[in-house]
Amino acid sequence: MVSWFVGEGTTQDCYVFLSGVRSRLPPGRRIQLTTDGFASYPPLVDALWGNNIDYAIVVKD
């Protein structure tokens with residue numbers, strides 16, 4: 001586990017969590033990240049990693 005964060009499910013909390021993940025990884029390293037369907041994740045992932053990430057969303061029925 002790279003990082004964990006307990007928050008209230010806000011966009012700001014999402015940013016704090018993802019920026020914490022990013023800060024703990026070697027610069028320039030391409031990663032694979034999968035998140036749930038929370039709508040704040042995709043734009044923040046794009047803002048933090050750009051095209052240097054393999055990103056997927058898992059939506060459970």
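Computed from the coordinates by the stated procedures, all read-outs in this text should not be read as laboratory data. Everything quoted here is computed from the prediction, not taken from an experiment. Glycine gets a Cβ as well: all are built from the backbone with ideal geometry, and neighbour counts include every protein chain shown.
The figures follow:
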item: ILE53 versus SER19: modelled label distance in nm, points set 7 Å from Cα along the beta carbon direction; result: 1.4
item: Neighbourhood charge, 15 Å Cβ-Cβ cut-off, centred on GLY28 and excluding it, Lys, Arg +1 and Asp, Glu -1; result: +3
item: ARG29-VAL6 FRET efficiency (beta carbon distance; Förster radius 30 Å; 0.05 resolution); result: 0.70
